[in-house]
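J.: Can you keep this structure in mind? I'll have questions shortly.
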Amino acid sequence: MVAIVLSVSGFLTFKDNLEAMRRASQENISWSATQLERELTRFLDSLGTSRAGTASSTVDINQRFDVLWSRVAVFQRGAVGARLRAYDSEHVVERLFDELKRNEVAVVSIKSFDFTSMANISAAFYPLSEQLNDLSRRITVGEEQKAAEIRAQMRSSANFALYASIITVVMITGAMVYFVLEGRRFRKLANENEILAENFKMASEVKSRFLTMMSHELRTPMNGVLGLLALARANEEDSEQKDRLDQVDRSANRMLGMLTDILDFAALENAQFALTKKPFFSNELLLALPELLGPVATQAEARLHVAAEGDLPVMLCGDATRLRRTFALMITYFLETAGARDIGLKLSYSDGVLQARIEVDYIGAGWSPDLLFGERNDSKDSFAAEALGPSVARVLVKKMEGTIELGTTEDGKILLRVDVPVTAMTPKQLKVQLSMQSTPMEMVCKSSVAGLPIDFIGVENAKHAEVILLETGFEDEAGHLAKIRTHSPLAQVFGIGRPKKPELFDFVAEMPLQAEQLRNKVLETLG
């Protein structure tokens, strides 16, 4: 920009000086002043010739008068006149013009040999001749000075343009050298940064692999500890010793949960995390959370309620495992850090979004679940164990393109809103026939599979049945089963009870009836 300004300034200065020289060459006022003096002299000479008697005609006098008049008129107009008037400080030309107007009638009406009139006219104009001569000399000297000034300015502008050009070339050359050196420096920095980024990526991958490996390696012996603890607790009769084993079991389960969190965190950081979108039953999610979080809630002496709200679809499509993990981590965080007395989770569905509302009634006041939003009050370099679960939950929600919002209920409880996009699906209706010997057993079976997309059909439609729940324990069990197979060849027969020949059935749910076992088998059939 400086180079451009210098170049433009030099060009404009040189252009202005050229324009001044052009005007000076067009407006030669020295010549104009000399012509004015010469015409006055010629007019006086014509008067003198007539007075001497060498000319008898007055035509020449009138012609010279007209020429002199025109010269004076030109002198008083335009740029030339303005410059001439600048030198005429004594107003000689103005007085000459006044004399011309005053003697116009006398000159026009002059007669031959009218020597008196000629003498009067000559006397009126003669004093102005010397004054015009002085004016011409002043103009000549002044114009020569101006021409010298213009030539000096031309030399200065030429020198300025030359210096500006030299400075411009030097600046452009310096800028090019600077850019070349900076380009080399930036290329070097880019190469170094690329190497650093590659090293950082390798270090991050090594760290993540180490975390994953250690998590797996630690989980294996921890599962062995939990198995031995379960055996020890089952065989222990001393209540005090059993309480201690329970404490060890809780600590071991807590350690196992932390290892799982570390494994998830390592997978998330190492970009090894992949969502799966599969159909799942919303009732499965509702039943799994109390079972999973029951021991933690019991230990924290808190109540946990999980329920559906509104028109929750029977089947959804999404990552059920990640959803269950997310809600479990959030509720565990509340149970372990907030001093929660009561936690309620309500699931609803609206416009393609699974809406989870977690209400927490906790002891004390002023506490806020900041870790769920990645906020900490202590040093950024620290990473407490309690922050691991919220960090995993937060990233899981983000990966599932969900949102987390914090609010309060009308009665002052913490309200956490978690919205995750999922797709509602219309599940297939499994046609099930109940073949029971008693109404109570029929009710037990129906309650075990409640919430699943099942269409219970009667005996008259048995040929369309896909699953037949048959209560066992009668005399001709094999014959009865053969008739069912003949009448409903495509149906699977699930035995309820203790059949004499279990191998004849597709599945057997022994008594007392394990509802979860039967439910999982029905889900498997649906899937």
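The values are calculated or read from the model by the stated rules, or taken from the named source; none is laboratory data. As the structure is a computational prediction, the values presented were derived from the model and not from experiment. Glycine gets a Cβ as well: all are built from the backbone with ideal geometry, and neighbour counts include every protein chain shown.
J.: Working only within region 437-487, note down all residues that are small (Gly, Ala, Ser), surrounded by fewer than 16 Cβ atoms within 10 Å (Cβ to Cβ) and assigned to a helix (DSSP H, G or I).
T.: Ser447, Ala478, Gly479, Ala482
J.: For Gln145, state whether it is over 21 Å from Val59 (Cβ atoms) and surrounded by 15 or more Cβ atoms within 10 Å (Cβ to Cβ).
T.: Values: over 21 Å from Val59 (Cβ atoms): yes; surrounded by 15 or more Cβ atoms within 10 Å (Cβ to Cβ): no.
No.
J.: Let me ask something additional. In region 148-164, which residue that is surrounded by 15 or more Cβ atoms within 10 Å (Cβ to Cβ) and among the polar types (S, T, N, Q) is farthest from Thr49 (Cα to Cα)?
T.: Here is the first cut: in region 148-164, the ones surrounded by 15 or more Cβ atoms within 10 Å (Cβ to Cβ) are 150, 153-154, 157, 160-161, 164.
From what's left, among the polar types (S, T, N, Q): 153, 157.
Values: Gln153: 50, Ser157: 55 Å.
Only one residue fits best here, namely Ser157.
J.: Let me ask something additional. Can you find, within region 324-348, the residue that is surrounded by the most Cβ atoms within 10 Å (Cβ to Cβ) among those that are within 24 Å of Pro313 (Cβ to Cβ) and basic (Lys, Arg)?
T.: Ranking the qualifying residues of region 324-348, first place goes to Arg325.
J.: Also: Would you say Gly402 is at pLDDT below 90 and in the same structural domain as Cys317 (by TED's automatic domain parsing)?
T.: Details: at pLDDT below 90: no; in the same structural domain as Cys317 (by TED's automatic domain parsing): yes.
No.
J.: Moving on to the next point. Go through region 403-436 and give me each residue that's of a type in the set (Gly, Ala, Ser) and either touching a residue at least 40 places away in the same chain (Cβ under 8 Å) or not in a strand (DSSP E or B) (or both). Don't jump to the end; show me each part of the working.
T.: To start, the set of residues in region 403-436 that are of a type in the set (Gly, Ala, Ser) comprises 407, 412, 424, 435.
Matches in region 403-436: Gly412, Ala424, Ser435.
J.: Within region 444-451, is there a residue that is polar (S, T, N, Q), in contact with a Leu (Cβ under 6 Å, 6 or more places away or on another chain) and not assigned by TED's automatic domain parsing to the domain that holds Leu316?
T.: First, pick out the residues of region 444-451 that are polar (S, T, N, Q): 447-448.
Of the ones still in play, those that are also in contact with a Leu (Cβ under 6 Å, 6 or more places away or on another chain) are 448.
Then keep just the ones that are not assigned by TED's automatic domain parsing to the domain that holds Leu316; that gives 448.
Scanning region 444-451, I find at least one residue that is polar (S, T, N, Q), in contact with a Leu (Cβ under 6 Å, 6 or more places away or on another chain) and not assigned by TED's automatic domain parsing to the domain that holds Leu316, so the answer is yes.
J.: Let me ask something additional. Considering only residues that are of a type in the set (A, V, I, L, M) and buried (at least 18 other Cβ atoms within 10 Å of the Cβ), look in region 505-525 and name the one that is nearest to Phe494 (Cα to Cα). So that I can check it myself, show each step before the final result.
T.: At the first step, the residues of region 505-525 found to be of a type in the set (A, V, I, L, M) are 508-509, 511, 513, 515, 518, 522-523.
Now narrow it down to the ones that are buried (at least 18 other Cβ atoms within 10 Å of the Cβ): 508-509, 518, 522.
Values: Val508: 6, Ala509: 7, Leu518: 9, Val522: 10 Å.
Filtering region 505-525 for residues that are of a type in the set (A, V, I, L, M) and buried (at least 18 other Cβ atoms within 10 Å of the Cβ), the one nearest to Phe494 (Cα to Cα) comes out as Val508.
J.: Test Arg83 against the criterion of being more than 17 Å from Ser46 (Cα to Cα), surrounded by 12 or more Cβ atoms within 10 Å (Cβ to Cβ) and at pLDDT below 80, and give yes or no.
T.: On the way: more than 17 Å from Ser46 (Cα to Cα): yes; surrounded by 12 or more Cβ atoms within 10 Å (Cβ to Cβ): yes; at pLDDT below 80: yes.
The answer is yes for Arg83.
J.: Follow-up. Looking for whichever is assigned to a loop (DSSP other than H, G, I, E, B) and either under 40 Å from the mean Cα position of the chain (by Cα) or among the hydroxyl-bearing types (Ser, Thr, Tyr) (or both) here; the options are Gly310, Gly344. Which one fits? Please lay out each step first, then the result.
T.: Values: Gly344 fails: assigned to a loop (DSSP other than H, G, I, E, B).
Result of the check over Gly310, Gly344: Gly310.
J.: If you take the residues in region 154-194 that are of a type in the set (D, E, K, R) and closer than 30 Å to Val8 by Cα, which one is farthest from the chain's Cα centre (by Cα)? Lay out the reasoning, then the answer.
T.: Step one: of region 154-194, the residues of a type in the set (D, E, K, R) are 155, 182, 184-185, 187-188, 192, 194.
Still in the running and closer than 30 Å to Val8 by Cα: 155, 182.
Working: Arg155: 57, Glu182: 29 Å.
By that ranking, first place goes to Arg155.
J.: So is Ser112 in the same structural domain as Ala82 (by TED's automatic domain parsing), in contact with a helix residue (DSSP H, G or I) (Cβ under 8 Å, 6 or more places away or on another chain) and assigned to a helix (DSSP H, G or I) or not?
T.: Details: in the same structural domain as Ala82 (by TED's automatic domain parsing): yes; in contact with a helix residue (DSSP H, G or I) (Cβ under 8 Å, 6 or more places away or on another chain): yes; assigned to a helix (DSSP H, G or I): no.
Taking the combined requirement at face value, the residue does not satisfy it.
J.: List pairs: first residue in region 479-505 and aromatic (Phe, Trp, Tyr) and modelled with pLDDT of 85 or more, second residue part of a helix (DSSP H, G or I) and loosely packed, with under 12 Cβ neighbours inside 10 Å anywhere in the structure, Cβ distance under 7 angstrom, at least six positions apart or on different chains.
T.: Within 7 Å, no pair qualifies.
J.: Does Pro499 fit the bill of being under 19 Å from Ser438 (Cα atoms) and part of a loop (DSSP other than H, G, I, E, B)?
T.: Answer is yes for this residue.
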